[in-house]
Amino acid sequence: MSADLDLSAPEIPEPTLLESILRYGLFLGAIFQLICILAVIFPSSKGHEQEEAESTDVKAAEQIKKPKGPTPQPRQKPKKESKKKR
C-alpha cells in the first residue's frame, strides 16, 4: 500500500512573463495604496500650515470684495395666465 502513494513534490510550471508582470504590478499597487493611506493619516505639517495661510488670504480677499454692494438683479415680469379656449 505504501508503494501506491507518490510523495514527490508536484510539478509547478515556470511563471510566464505576463504572470510576473501582474505579480509585481500588484505589489507596486499595494505599496502605493499604503503610502496614500499613510499620507491621509499622517499629513505633513507644512501642507496644513500653507492651507491655513491660503484660506485666511482668500477670506481677507472676500471681505474686501463684499463692501462693493449687491449686484443689481434684472426685473422679472409676472407671467400672464391665459385661459384655454375650448
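A few notes on this one:
- Test result for residue 14, modelled with pLDDT of 65 or more, charged (D, E, K, R), open to solvent by 100 Å² or more (accessible area, probe 1.4 Å) and in a loop (DSSP other than H, G, I, E, B): yes
- Tabulated pairs, region 36-51, first modelled with pLDDT under 60, second among the aromatic types (Phe, Trp, Tyr) and loosely packed, with under 10 Cβ neighbours inside 10 Å, C-beta under 6 angstrom, 6+ apart or interchain: none
The values are calculated or read from the model by the stated rules, or taken from the named source; none is laboratory data. What you are looking at is a predicted structure, and each value in this text was computed from that prediction instead of being measured. Ideal geometry is used to build each Cβ from the backbone, glycine not excepted, and the neighbour counts take in all protein chains shown. With ligands, DNA and RNA removed, areas are computed over all heavy atoms of the protein, side chains included. Shrake-Rupley method; radii C 1.70, N 1.55, O 1.52, S 1.80 Å.
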